[in-house]
Every structure is written in C-alpha cells, then in structure tokens.
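Below: the structure, in structure tokens.
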Amino acid sequence: MQEQSADLSDLADLPGVRGQLRSVAADLAAGLNCLWLLPDRLVESGQADELYRGALFSASRRVDVPPPDRDGAKVQAVHESNAAGDSEAVHEGWADAEALPFLDFYDDGFDLGWEPQGHAPVIPAPRTETAGRNAEARDLLARIAKELSVTAEEVVGCLTDPERGGRRPVVGVRAWKEPNTASLRGAGIEQLYRSLTAAVKAAGLPPGQRPRLLVAARLGDVSAALPDELHLDLSATAVHWWWGALGRLDTATAITPYLDRGGAPRHERDLLRERIVRELRAETVVEICGPDLELARRLAVAWDGTQQALGTALRRCLAAGPSFAADCSPPPAQLGSRRRPGSEFREAWASGAITAWEGRLRLHPGVWLRADAIAEWSVDAKARLSTLISQAQQRVLLPWIEEARQRLAARALSHLTRPVAAVVATYLERPIWYLGDRPELAFLELQVGELLRAHIQGALALPERDARLLRLLVQARNVLSHRAVLYDTTLAELCVELSRADLRTT
C-alpha cells in the first residue's frame with residue numbers, strides 16, 4: 001500500500017502530467033468548460049482521482065461534487081429495473097410532459113355520439129429512458145445544490161445570475177462515481193452541460209464571469225457522441241484526452257529510483273563504465289515500455305541489463321500486467337490526430353492498448369508480444385523488439401562513439417607516416433571545401449571507418465590500445481547503423497574501452 005500511494009503522488013510530479021494539468025487549468029481560467037477523458041487503468045489504480053483533484057484545485061473557487069450516497073444508488077437501481085421491464089418501477093411516475101401517456105378516448109368536449117367498443121383504454125408505459133435521464137440530472141443537481149446551499153431548481157440560476165459579480169466557481173464531477181447504465185451513461189452530466197451552457201449564453205456572461213464544469217471521465221462514462229459534440233463547441237468547452245500526455249522524459253523520471261543498486265565501494269568502481277551501462281539499461285526500458293509506467297518500473301527492477309536476461313524479464317513483467325485482445329491493433333494508416341485518438345480505436349485507447357508516444361501512434365508491447373513464452377513470439381514480434389533495443393542503444397552509444405572518434409583523431413595526428421595533406425586527400429571521402437587549405441583541421445573530420453582504413457594501409461601507425469578502440473568503434477557504428485543489436489560481450493568490451501579512452505590524453 002505504501003508503494004502504491006507513493007506512485008500516486010509521483011504521477012502528478014512528472015513533466016508531461018504537469019503540462020496537461022496546466023493546459024486544463026488554463027482553459028478553466030479562460031472561462032471554458034473542460035471534459036477530461038482518462039484511460040480505464042488510471043481510474044482503477046486511483047490515480048485518476050489524484051489528477052482530478054490536481055486540476056480542480058487550480059481554481060480559487062471550486063465545488064467538488066460528492067459522489068451519490070445510498071439514495072443515488074437507489075436511483076440507479078430504479079433505472080436498471082426500468083430497463084428490465086419491471087412494471088412496478090415503470091408506473092412509479094413520469095418525469096416530464098414528453099413522458100406522459102397518451103389516453104384513448106380523450107374527451108375534448110365535442111360529443112359526436114361515438115361509443116367505445118367495450119375494450120379498456122390502453123395506457124402506455126412512460127418513456128423510461130427520458131425518465132431515467134431526468135432522474136439522473138435531478139440527482140446530480142441535488143448534490144450540487146447541497147454544496148451551494150440552494151435548492152436543485154435554483155442551481156443553474158444561482159451559477160449564472162448576472163447580478164452576482166466576481167469569479168464563479170468551477171464545478172468538478174468525477175464521472176466514474178456517477179450512476180451509470182448501458183443505455184443512460186452520462187445522462188446527468190450531459191444534461192448539466194447543456195442547461196448550464198444555454199443559461200450562460202442567455203445571461204450573456206463574459207468568459208471571466210462564467211461558471212465552469214470540470215468533468216473527469218472514462219470513455220464509457222459518457223455517451224459516445226458527447227466528446228466530439230463538445231469538441232465542436234470551441235467557444236464553450238475544451239475536450240482534453242490523455243493522449244500523448246506522457247513522454248520519454250516522464251518514463252525515464254519514473255524509473256530513476258529503481259535503477260540504482262548496491263555494488264562495490266565507490267573508490268573501487270569504474271564509474272564512467274557504470275554510467276554508460278546504467279544509461280543503456282534505462283533507455284532500453286523506456287524504449288520498450290513507452291508510457292506504461294507500471295511496466296517500466298517492473299522491468300527496471302526485474303532486468304539486470306544484459307541482453308540474455310531481457311526476454312525472460314520482459315515476459316514476467318508482461319504476465320503481471322493486463323492482457324490485450326489480439327485484434328486491437330489498428331491499420332498503420334489510422335494514426336488519429338495529435339490531440340485525440342481516432343474514433344476507430346478509442347476503445348483500445350481506453351484499455352491502454354494504444355496511445356500516443358513522442359508524436360507517434362504507440363502499441364503496448366503486450367499487444368504484439370505474448371507473455372506466456374519467449375519461444376512463441378512471432379518473427380514480427382522479435383523484429384519489433386530488436387528494433388526498439390537498437391534504437392535505445394543508438395541514443396546512448398552514438399554520442400559516446402562520436403566523442404571517442406574526435407579524441408582518437410586528435411591523437412592520431414602525431415602517429416601519421418605520411419604528410420597530413422596526402423592522407424586527407426586519400427582517405428577523406430567527403431572533402432570539406434572551407435578546410436581545403438587547413439589539412440590538420442580536415443584530418444579531424446575523418447570518420448572511424450576512414451581512420452581504420454588509413455591504419456590498415458599504413459598511413460597511420462596507431463598504438464595497439466588505440467587500434468583496438470578504433471576497431472570496436474567501427475564495429476559498433478556499423479551494427480547500430482543497420483538497426484541491429486549489440487549483444488553482451490561486444491557491449492561490455494565497448495563500455496570498458498570507452499571508459500579507458502576517456503582517461504587518455506596522449
């Protein structure tokens with residue numbers, strides 16, 4: 001429980017989450033209603049409640065609508081019985097004029113002499129959907145009224161009264177706490193949106209004096225058409241999706257406490273080599289797990305950083321998390337948009353199978369990797385995993401390789417067996433025109449492959465330790481350039497040589 005509560009508090013501290021909280025707060029401050037759609041897993045873990053409070057508490061005046069009590073549960077039970085055809089619940093009452101029955105043989109005052117045919121008049125049942133919607137709306141208004149110390153009929157008028165100057169409150173609702181049925185999901189919230197928006201327009205309130213709604217919801221807590229409908233009303237409502245909220249920096253920040261482990265005393269350790277290894281481990285975890293912070297934390301703890309153990313650790317971590325349907329992967333052409341998921345795979349987004357990651361559509365690794373056995377991973381899954389590992393190695397190692405090349409080229413100037421101008425003219429494949437009269441500077445631009453070729457052909461006589469480093473740099477660069485993976489033996493040797501070369505000055 002302590003670890004879970006720590007994770008709840010850490011989520012709001014991540015850079016991407018703070019950015020989305022600021023975006024919601026800015027829209028509320030501009031006088032806009034906000035609908036904030038969150039994935040199901042955030043609600044199940046309790047993190048959605050923390051995010052909701054963080055957004056609501058950005059307003060100086062706010063009303064946190066409490067969830068329904070037992071009476072609210074009773075209203076939901078009536079809705080469910082209506083949907084099931086319970087006759088006693090059906091005739092409990094009609095909500096409005098539209099739900100009143102049509103009476104046979106209505107006496108309009110004109111007696112034409114027609115007589116009934118002996119059958120009893122049929123009184124149709126009330127429109128249960130309309131009754132249920134109004135019941136949910138009244139229940140929500142009653143809870144808001146209790147917070148405002150007014151009656152339910154006075155809520156909208158109290159919030160939009162032009163004579164009440166000053167900043168009006170933000171009314172916050174957690175939609176997953178509201179009564180919900182399959183046919184009436186989010187009915188009370190939808191009616192509150194419509195009635196409050198209409199009252200604000202009728203009162204002519206400027207943006208700085210409008211009451212605002214903040215509704216945090218899952219996709220299944222509101223009607224399917226409501227997010228797109230509110231998105232079109234840009235002057236009244238802003239729709240925020242948990243879409244691209246987390247990025248590479250967020251995942252790296254979340255796993256940082258799990259990467260440090262005990263080892264040899266500090267004075268006996270190769271700190272530079274350990275730093276490279278730690279960066280490789282962290283970047284690989286981030287690249288594989290993406291925005292799934294829980295999977296990233298589990299993998300950071302379970303994996304020791306070696307390629308040999310990665311498959312087993314990843315399988316165990318995926319087995320401990322949620323499972324996904326095999327058909328939730330969308331076609332590559334359906335990329336959605338930068339601000340929200342496409343309508344075709346919103347259900348997959350709600351389950352966590354699909355999200356936006358660094359500006360691109362991202363499938364959860366549990367979608368394309370089987371968690372039961374590594375041997376059953378398909379060729380495509382193994383290729384995807386290798387690509388992610390290679391990308392992580394590129395991000396970490398290529399800057400180290402380039403810095404080592406620069407230092408090696410500077411030391412190689414003192415080991416030339418031919419004039420530097422002749423070496424540059426022979427081995428520099430892409431001459432630099434503005435360095436044509438400065439061959440020493442042009443020599444420093446030789447790449448690792450060109451330096452190795454000059455060494456093999458005798459134009460450069462490097463010491464054995466520099467020649468060994470140069471061969472490793474060429475091998476690593478070639479592997480990473482072809483999106484392949486450096487495995488444990490080569491990787492360990494490269495890290496050791498990079499650490500040693502960093503200490504050499506001559």
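The values are calculated or read from the model by the stated rules, or taken from the named source; none is laboratory data. These numbers were taken from a predicted model, which means no experiment stands behind them. Glycine gets a Cβ as well: all are built from the backbone with ideal geometry, and neighbour counts include every protein chain shown. All accessible areas refer to the heavy atoms of the entire protein, side chains included, with ligands and DNA or RNA removed. Shrake-Rupley method; radii C 1.70, N 1.55, O 1.52, S 1.80 Å.
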Within the group Ser386, Ser378, Ser414, Ser390, which residue is of a type in the set (Ser, Thr, Tyr), touching a Leu at 6+ places or on another chain (Cβ under 8 Å) and at negative phi? Ser390
Contacts under 8 angstrom Cβ, first residue in segment 237-252 being touching a residue at least 40 places away in the same chain (Cβ under 8 Å) and in a strand (DSSP E or B), partner open to solvent by 20 Å² or more (accessible area, probe 1.4 Å) and among the small types (Gly, Ala, Ser), 6 or more apart: His240/Ser23
Given Ser223, Ser195, which one is modelled with pLDDT of 90 or more and in a loop (DSSP other than H, G, I, E, B)? Ser223
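Being outside any helix (DSSP H, G or I) and of a type in the set (S, T, N, Q) is the filter; apply it to segment 7-48 and report the residue that is surrounded by the most Cβ atoms within 10 Å (Cβ to Cβ).
Among residues in segment 7-48 that are outside any helix (DSSP H, G or I) and of a type in the set (S, T, N, Q), the one surrounded by the most Cβ atoms within 10 Å (Cβ to Cβ) is Asn33.
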Out of Arg261, Arg278, Arg315, Arg266, I need the residue that is among the charged types (D, E, K, R) and either touching a helix residue (DSSP H, G or I) at 6+ places or on another chain (Cβ under 8 Å) or at pLDDT 95 or above (or both). Which one? Arg315
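Each row is one residue, and each column tells you yes or no for (1) within 20 Å of Gln406 (Cα to Cα); (2) surrounded by 14 or more Cβ atoms within 10 Å (Cβ to Cβ).
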{"residue": "Ala459", "(1), (2)": "yes, yes"}
{"residue": "Asp466", "(1), (2)": "yes, yes"}
{"residue": "Leu473", "(1), (2)": "yes, yes"}
{"residue": "Ala476", "(1), (2)": "yes, yes"}
{"residue": "Leu480", "(1), (2)": "yes, yes"}
{"residue": "Val485", "(1), (2)": "no, yes"}
{"residue": "Cys495", "(1), (2)": "yes, yes"}
{"residue": "Leu503", "(1), (2)": "yes, no"}
In segment 240-258, which residue that is over 30 Å from Pro227 (Cβ atoms) and not β-branched (Val, Ile, Thr) is modelled with the highest pLDDT? Ala252
State which residue is farthest from Val65 (Cα to Cα) when the search covers only segment 179-211 and only residues that are among the hydroxyl-bearing types (Ser, Thr, Tyr) and in contact (Cβ under 8 Å) with a residue 60 or more places away in the chain. Ser183
Taking first residues from segment 354-365 that are over 18 Å from Asp380 (Cβ atoms) and second residues anywhere that are at pLDDT below 90, the pairs with Cβ under 7 Å that are 6 or more apart or on different chains are Thr355/Arg362; Ala356/Arg362
Residues that are surrounded by 14 or more Cβ atoms within 10 Å (Cβ to Cβ) and free of Cβ contacts under 8 Å to residues at least 60 places away in the same chain, drawn from segment 150-172: Val150, Ala152, Glu154, Val155, Val156, Cys158, Leu159, Thr160, Asp161
Return the only residue of Leu184, Leu213 being at pLDDT 80 or above and within 40 Å of the chain's Cα centre (by Cα). Leu213
Output the residues belonging to segment 198-220 that are assigned to a helix (DSSP H, G or I) and not hydrophobic (A, V, I, L, M, F, W, C). Lys201, Pro207, Gly208, Gln209, Gly220
All-but-one check, His119 against (1) under 43 Å from the mean Cα position of the chain (by Cα); (2) at pLDDT below 95; (3) not small (Gly, Ala, Ser), failing number (1)
